[in-house]
Each structure stands twice: as C-alpha cells, then as structure tokens.
C-alpha cells in the first residue's frame, strides 16, 4: 500500500480507542488508516519525544472574528493544536447567515455552532444582550435552525445578572429548543436566578457552561465544599459540564475541590475571545488551560478525552474527528510536553503555578499540514 505519510515514534493518546502507548499513525487520502505490514510512504514525520493526539476540539471558542468585536479568527486556533471548534452563540438569528458564510465555510478549522437567543448575539463588549422572552425573534431563529440544521447544535443563553431578566428567559429557550429538537447551552456564572432552577431545566445533551466559575452569589459547591446534589443529578441525566475558562469564569478553588471529589468536567474549553491571544492573565489558549488540570492531578487520558472524544460526540461527529481510529479524518496534533513554569490567574485574582506545558509542534487538518513550529523537522 502507498501511504501519504506516517507519523512515527510518537506516544499516541487516543481516549476514544483507549490507546496510551508509543505507536505509528498512517494517513492515506486524508484519512487515518491501519498501518500495513508492508507499505510505501511519500513522507514520514519523526515524532520522537512527542505526544500524538487527535486534533483538539475547543468546544467553547468565539470564532466570529470578522463580524464581532468579541471574536477571534477561527484559523488562529490551529497554532494551539485545535482543529475543530464550537462557537457558543457569538452570532444570533440576525447575523448567522454572515457568520456561516464568512467564518464556517472558509475556515480550515471545523466549526459547529450555537445560535444566540438574542438576535444580534455578542457583537461588541459595549452592546449587552438582553435575554427576555419579549426580545426573542422566534420565527427568525426557527429559519436559521432549519437552514443550517447540519451546523447548529442548539441555542445559547446567558443566565447572568444584567443580561437575563429571570428564569422565564430560560423557559422560553427550553420550549423552542424542544420544539426544534436541539439542545441548549447555558452560561451560568453570576447567575440571575438560583442555579438549581437552571440545572433542573437542563436535559441530556444540554451544556452547563462555566461549571467551575465563582462569580456571583453561587457556584456548584455547597457550604461544605461539596458538589451540590442538583448538579450531580443533572450530570446523571446526561447534562454535560463545560469547564470553559474565560476571563471571569474559572476559580482554582472551585475546580480543585470538585476534582478532589472525582467531579471531572466533560468538556474543557478556552472561551477564547479577541482580548486574549494568550496575553491576558486569565484568558489563555486551550493548551495553556489544559496545564491546570494536569497540575491538579487529572490524568492525561481524561484531560485529552475532554478535548477530543467527548466534544466529538457532542458535535455529532463521533468516529470522524476526536480520534485516530482508522477511517477518521486525518486531523492530528503533535505536542511536546515541556518542563516550563507558567502562572495562571483565576477570576478572583488567585495565582496558580504549573510546571508543565503542552507545546504544539505540528498540526494536520484533513491530512494536510496546517501549522508547524519553526524548530520542528516537518518531514524526514
């Protein structure tokens, strides 16, 4: 068999297959294939001393870079090892056509989306959304969901003070999502209503966003530092816990206490916006965010699961992305684990130091090189 290329000598971590070992990865016609006993190869990549992961999936990244002052350009994520992303409602019904045509279609990064319940979405930090039943353009949302059914995962609402008027704003989103047969993604930090009221309305496949926040009157922990019963009950129903980092949506204390109880997130995401780019003290790229979970003792296999296997399932692309299983798209990320100290700050200004960072070396999308570190030998 003649292969397009083989990545050799790397340590492969692929939670979808339960693989955590040194092995080679073969690619032909933009797909992962089983490595035959005998083959010819156009190119070989030597990944000695590196990890080889499925291309990472950032399930919460604002990638409407050409239409929102809050968004980044999607393909900037390639340099962080991210080959697929979910936009969490940066666009609403009034600008989703523009978002789809100007961002989703031309980007190398694979993108799926939530539609913001507020018509114009998050177009500027100084233009605040208003989540209220009377403000929702229900007919327009229906049209967008029907038009982009293959792309839209659900509806987005922020249940925060100053943007949502109360629990009826979520009830209206719930009713519409159920009618359309899609899920909802709920921003939970600085909550305008008790979190129990929010969690109790979520169903299997819905996203409880910013699960480790400590902004506002309430977080997921009770007065004894235990994860609240209604949060555990929501997870049992199939609600997914998204640890989207952001600027104001992550607390080291909340995260540490939850992890110590075995309460791992289902999804780890960056919540990247245009004011981060790895320069902010609190908002960093996905790979920088992953270092915190490794430092806090979350196993590498479980960390990588949160950015590969699980988000791929949520996107309806299980077996196609988020895995190096034969037949999957050849979206591959090669990383070096560097002994490098880094300081992270959370929403309360608490500093947290880590000793290791995953540094992207080489990224493929559909079997084609999309990013390479200057000091990494691309092909032997």
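Would you compute, from DSSP H runs of 4+ residues alone, the mean residue ellipticity of the chain at 222 nm, taking -39500 (n - 2.57) per run and dividing by the full residue count, rounded to the nearest 500?
After summing the helix terms and dividing by the residues of the chain, the value is -5000 deg cm²/dmol.
How large is the Rg to Rh ratio of the stretch 202-353 when both quantities use alpha carbon positions and Rh follows Kirkwood?
0.96
If each of residue 178 and residue 149 carries a label point 7 Å out from its Cα toward its Cβ, how far apart are those two points in nm?
Between residue 178 and residue 149, the simple spin-label model gives 2.1 nm.
Bin by bin, in steps of 10 Å, what percent of the Cα pairs in the chain do you find, going until the bin that has the longest distance?
Reading the bins upward from 0: 5, 25, 33, 24, 10, 2, 0.
Along the Cα-to-C-beta direction of residue 23, a point sits 7 Å from the Cα; which residues of the stretch 53-72 have their amide N less than 16 Å from that point?
Only 53-55 fall inside the zone, counting backbone N under 16 Å.
Under a GNM of the chain (C-alpha, springs under 10 Å), which listed residue has the highest mean-square fluctuation: 36, 106, 265?
Result for the chain, Cα springs under 10 Å: 36 fluctuates most.
Just want to confirm a number: the relative contact order over the stretch 245-380, from Cα pairs under 8 angstrom separated by 6+ residues, in percent.
Averaging sequence separation for qualifying contacts and normalising by length gives 22 percent for the stretch 245-380.
Could you state the number of Å between the C-alpha centres of the stretch 311-380 and the stretch 49-117?
Answer, in whole Å: 16.
Restricting to bridges with both residues inside the chain, how much of the DSSP beta-bridge set is antiparallel, in percent to the nearest 5?
Expressed as a percentage, antiparallel bridges in the chain total about 50.
Under a crude label model (7 Å from the Cα following the beta-carbon direction), how far is residue 375 from residue 217 in nanometres?
According to this spin-label approximation, the distance is 5.2 nm.
With a ≥ b ≥ c the root eigenvalues of the C-alpha gyration tensor of the stretch 91-192, is it rounded (a/c under 1.5), prolate (a/b larger than b/c) or oblate?
prolate
Please tell me the relative contact order of the chain in percent, rounded to the nearest whole number, where contacts are Cα pairs under 8 Å and at least six residues apart.
19 percent
No value in this document is a laboratory result; all are computed from the given coordinates. All values derive from a computational prediction rather than experimental measurement. Glycine also receives a Cβ, built like all others from the backbone with ideal geometry; neighbour counts cover every protein chain displayed.
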